[in-house]
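Trainee: Have a look at the structure that comes next, please.
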Amino acid sequence: MVLLVRHGVTPTTGKVLPGRARGLHLAPEGHAQADAVAARIASLSRRPVALYASPLERTKETAKPIGEALGLRVTTDRGLLECDFGEWTGKELAALSKLPAWNTVQRWPSGFTFPGGESFAAMSTRISATVARIAAAHAGQTVVAVSHADPIKAAVAWAGGVPLDLFQRFVVSPCSVSAVALSPAGANILCVNSTASLSELALS
């Protein structure tokens, strides 16, 4: 079982498309969210045996209290990185939403490539391969992977056999947990965007 955790809120959450820009840290609320999700994960009966995170500051800062609660070292994995938004990196969402291309991002993401950056299709291939690799390395065990909203939504869509053009319908909130189980028989989505106790995973 792979627990996909989105990082906590930052000063720009909901305002700016930060992408892979360096130097963006969690806001105080984000640190509190990270502490809370660490406690929720640590309460699982099937305690995670490994902890991975995207190399960006906000994901590593979210992973830190999880690692402390579980006694695990954080392993950075570039496969968990945010989508490369290219020329859109650092732009205000209010301005981006007025561009004609915004409708394509929302309605036909499989056909969109960010100017000077990554396509949604490439991101989906990258994150799904990363989740599959991490799951295979810890077969039959629980692991945590701290990533970003769009990659997590794409991973959930992939695990559920949902077309990429519908992945925007998923909501992945800051420090929420989405869990997928992978086996030779296929994939199962155990929860999406959970901000509660994770008790639904007790029997998974």
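Residues checked against (1) farther than 24 Å from His25 by Cβ; (2) in contact with a Ser or Thr (Cβ under 9 Å, 6 or more places away or on another chain):
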| residue | (1), (2) |
| --- | --- |
| Gly117 | no, yes |
| Gln141 | yes, no |
| Gly161 | yes, no |
| Leu164 | yes, yes |
| Ala185 | yes, no |
| Ile189 | yes, yes |
| Val192 | yes, yes |
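Trainee: Name the one entry in Ala155, Ala121 that is closer than 27 Å to Ser45 by Cα and surrounded by 15 or more Cβ atoms within 10 Å (Cβ to Cβ). Can you show your working first?
Mentor: Numbers: Ala121 fails: closer than 27 Å to Ser45 by Cα.
Result of the check over Ala155, Ala121: Ala155.
Trainee: Filter the stretch 54-93 down to the residues that are small (Gly, Ala, Ser) and in contact (Cβ under 8 Å) with a residue 12 or more places away in the chain, then identify the one that is farthest from Pro115 (Cα to Cα).
Mentor: Residue satisfying both the conditions and the ranking: Ala69.
Trainee: Return the total of residues in the stretch 164-182 being free of Cβ contacts under 8 Å to residues at least 40 places away in the same chain, surrounded by fewer than 19 Cβ atoms within 10 Å (Cβ to Cβ) and either charged (D, E, K, R) or not in a helix (DSSP H, G or I) (or both). Please lay out each step first, then the result.
Mentor: Restricting attention to the stretch 164-182, the residues satisfying the condition of being free of Cβ contacts under 8 Å to residues at least 40 places away in the same chain are 166, 169-171.
Narrowing further to those that are surrounded by fewer than 19 Cβ atoms within 10 Å (Cβ to Cβ): 166, 169, 171.
Applying the additional criterion that residues be either charged (D, E, K, R) or not in a helix (DSSP H, G or I) (or both) yields 169, 171.
Summing the residues that are free of Cβ contacts under 8 Å to residues at least 40 places away in the same chain, surrounded by fewer than 19 Cβ atoms within 10 Å (Cβ to Cβ) and either charged (D, E, K, R) or not in a helix (DSSP H, G or I) (or both) in the stretch 164-182 gives 2.
Trainee: I'm trying to understand the selection: among the residues of the stretch 123-163, which are part of a helix (DSSP H, G or I) and more than 13 Å from Leu182 (Cα to Cα)?
Mentor: If the condition is that a residue be part of a helix (DSSP H, G or I) and more than 13 Å from Leu182 (Cα to Cα), then Met123, Ser124, Thr125, Arg126, Ile127, Ala149, Asp150, Pro151, Ile152, Lys153, Ala154, Ala157 are the ones that fit.
Trainee: Filter the stretch 54-67 down to residues that are within 17 Å of Val172 (Cα to Cα), touching a helix residue (DSSP H, G or I) at 6+ places or on another chain (Cβ under 6 Å) and assigned to a helix (DSSP H, G or I), then give me how many there are.
Mentor: 1
Trainee: Let me confirm something: among Leu44, Leu51, which residue is of a type in the set (A, V, I, L, M, F, W, C), touching a residue at least 40 places away in the same chain (Cβ under 8 Å), surrounded by 15 or more Cβ atoms within 10 Å (Cβ to Cβ) and outside any loop (DSSP other than H, G, I, E, B)? It would help to see each step written out before you state the result.
Mentor: On the way: Leu44 fails: outside any loop (DSSP other than H, G, I, E, B).
Selected residue: Leu51, the only one of Leu44, Leu51 that is of a type in the set (A, V, I, L, M, F, W, C), touching a residue at least 40 places away in the same chain (Cβ under 8 Å), surrounded by 15 or more Cβ atoms within 10 Å (Cβ to Cβ) and outside any loop (DSSP other than H, G, I, E, B).
Trainee: Among the candidates Ser119, Ser128, Ser124, single out the residue that is in contact with a strand residue (DSSP E or B) (Cβ under 6 Å, 6 or more places away or on another chain) and at pLDDT 95 or above.
Mentor: Ser119
Trainee: Something else: Can you give me the number of residues within the stretch 27-41 that are without any contact (Cβ under 8 Å) to a residue 12 or more places away in the chain and either among the charged types (D, E, K, R) or in contact with a strand residue (DSSP E or B) (Cβ under 6 Å, 6 or more places away or on another chain) (or both)?
Mentor: Result for the stretch 27-41: 0.
Trainee: Would you tally the residues in the stretch 9-41 being outside any loop (DSSP other than H, G, I, E, B) and not small (Gly, Ala, Ser)?
Mentor: Within the stretch 9-41, residues that are outside any loop (DSSP other than H, G, I, E, B) and not small (Gly, Ala, Ser) number 9.
Trainee: Where residues in the stretch 131-147 are farther than 20 Å from Pro163 by Cβ and touching a helix residue (DSSP H, G or I) at 6+ places or on another chain (Cβ under 7 Å), which of them is surrounded by the most Cβ atoms within 10 Å (Cβ to Cβ)?
Mentor: Looking at the filtered set, the residue picked out is Val146.
Trainee: Return the residue satisfying two criteria in turn: it lies in the stretch 70-117 and is of a type in the set (Asp, Glu) and touching a Pro at 6+ places or on another chain (Cβ under 9 Å), and of such residues it is surrounded by the fewest Cβ atoms within 10 Å (Cβ to Cβ).
Mentor: Step by step, filter the stretch 70-117, then rank; the result is Glu87.
The values are calculated or read from the model by the stated rules, or taken from the named source; none is laboratory data. Here the structure is a predicted model, which means the values were calculated and not measured. Counting neighbours? That spans all protein chains shown, and the Cβs are built from the backbone with ideal geometry, glycine included.
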